[in-house]
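Computed from the coordinates by the stated procedures, all read-outs in this text should not be read as laboratory data. Quick caveat: nothing in here was measured; it's all calculated off a predicted structure. All Cβ positions, glycine included, derive from the backbone under ideal geometry; neighbour counts span all protein chains shown.
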Amino acid sequence: MSRHSTEYDDDDFSMDDDSCSVASSCMNGARSVSTTATSHDWEMRSASPAPSMYSVTSSFYGRGINNYSDVYRLPADDEEFERLDLQHVMFSEVMGRYAQPLPEVLADDGRPKAVVDLGCGSGSWILDVAKDFPHCSAVAVDLVPMQNVSEVDDINLGLQHFYDSFDVAHARLVSSGIRDYNGLIDEMTQTLRPRGLIHLIEFDFRVYDSKHRPILPAHGGPKEPAALARWMNLVNVAVEQRGGEPDAANHLQRWITAHPSLEDVVYREFWFPTCPWARGTTPEALRHNRTGAMMRDDILAFLKSGRPLLLSSDLNPDLVAEIEADAERELLEAKAHTYIRVQNVYARRKAQ
Ligand SMILES: C[S@@+](CC[C@H](N)C(=O)[O-])C[C@H]1O[C@@H](n2cnc3c(N)ncnc32)[C@H](O)[C@@H]1O
C-alpha cells in the first residue's frame, strides 16, 4: 500500500497536489487538520485559520512519533505501519474480516452509507471497507496524516462534528492514546445513525499463562518464563502514566452494555499464542503455529515500537534493554506457552 511519508518537513507539508489537498485549523489550542483525500470530502473540524506549515512527527529515540498527542507515544513511521499491516492480516484471519452485522448494515440499499475508523493507523481496516463496500463514504481519523486519512485529529477532543453521521464507527487498539475510553464510547455512539454499529477491539497490555491467568510483575522465576510479561507490564504502566487507558479492553463489555443508547451487544474474546509451540501436523496444530508465528513477529516488532515509550518513562535504560532482550529470546525459543488476549465488543445504536 502506498502512503505519504510521515516524516514531513515543513516544505513537504506545504505541498499542494491533485491527489490530496491539505488544510489546517486550530481548536481548543490543539491542531486539527483535515485532508481531503482522493474521492471523499469531509467537513473540516474547524474553519479557524492557522499556520499550515509544521512537522507532524519528530524523531524520538530513533523512531517517528506524532507531535500532537502527549498521551500516545507509540511510533508513527513506516516500520510501525508495516507492523500494523501484518497485524491486520493476522486479526482478519483469526477474528474474521468484519463483525457479523457489518455487511448488512453497510448493504447498498439506496440510502447513503458512511463508516468512520478512529485511530486508523496505516489504514488497513478502512481500506478493506472502502474496497468491499465502494458505495460507502469511508472516513479515517488519526493523529498523523497519511494517504487515505480523511481527518487528522485527536479524538480525545470529542466527535461533535460527526454526530449522527455514520452507519459504522470502528476503533481498534487505540486505548493507549485515549484519556477517557468510556467517554469515547459515548462520543462514538453519538456519531451513529439509528441502528448504526459501534465496533471496538482492544488488548490489555498483559500476557496470560497457559490457563489464561494474567502473569503479573510479582510472578516469574526460573521455572516460569515471564520476561515478555514483565516487559508488557512495563508498557502497561507507562501508558497509564501518560494518561492512556491500557486496561480499557477489560471494561469494554460493561461500558457498552451500560450505555443507554446501545443494544444487541456482542462480546468476543480471542486468545493469541505468543509464539508457535504446538507439536504435530494436525490442522489445529498448524493453525495454532501459523497464528503463533504471526503474533511472535508482531510482538518482536512491538518490542521495538515500545522502546521510545519506555525510555521516556523513569525507567533505567539498561533494565529496559535487558528485559527486552530476555523477552525476545523467550519468544524465539518458543518455550513459554503464553497468550495475548484480544477483546471485541460490538453493538447497535437504538432506533430511538
Ligand atoms: C496501535 S495503532 C492501531 C491502528 C489501527 N487502528 C489498527 O488496528 O491497525 C493506534 C493508532 O491510533 C492512533 N491514535 C491513538 N490515540 C489517538 C487519538 N487520541 N486520536 C487520534 N488517533 C489516535 C495512533 O496514532 C495510531 O495510529
* To do: Provide the packing ranking of 179-187, 149-157, 116-124, i.e. peptides ordered by the mean count of other C-beta atoms within 10 Å per residue, highest first.
  => 116-124, 149-157, 179-187
* **Separation between Cα centres of the range 100-124 and the range 146-207, rounded to whole Å** => 13 Å
* Structure fact -> Ordered by fewest other Cβ atoms within 10 Å, a rough proxy for footprinting exposure, Thr291, Thr191 read Thr291, Thr191
* **Set of lysines with alpha-carbon distance to Lys131 below 27 Å, sequence-local pairs under 8 removed** => Lys113
* To do: Using a cut-off of 15 Å between beta-carbons, work out the net charge of the residues near Asp318 (Lys and Arg +1, Asp and Glu -1, Asp318 not included).
  => -2
* When we measure straight from the Cα of Lys304, which lysines land under 25 angstrom away, once same-chain ones fewer than 8 places off are left out? -> Lys335
* Structure fact -> Extension length gain for Tyr163 and Asp85 (0.36 nm per residue less Cα distance), in nm, is 25.2 nm
* To do: Grab the other residues whose beta carbon is less than 11 angstrom from that of Gly196, score K and R as +1, D and E as -1, and report the net.
  => +4
* Using a/c under 1.5 as the rounded threshold, could you call the range 64-159 rounded, prolate or oblate? The axes a ≥ b ≥ c are square roots of the C-alpha gyration tensor eigenvalues, and prolate needs a/b larger than b/c, oblate otherwise. => oblate
* Structure fact -> Per the C-alpha gyration tensor (a ≥ b ≥ c, the square roots of its eigenvalues), the range 211-352 is rounded if a/c is under 1.5, else prolate if a/b beats b/c, else oblate; here it's oblate
* Structure fact -> Shape call for the range 311-352, from the Cα gyration tensor axes a ≥ b ≥ c (a/c under 1.5 means rounded, otherwise prolate when a/b beats b/c, else oblate), comes out oblate
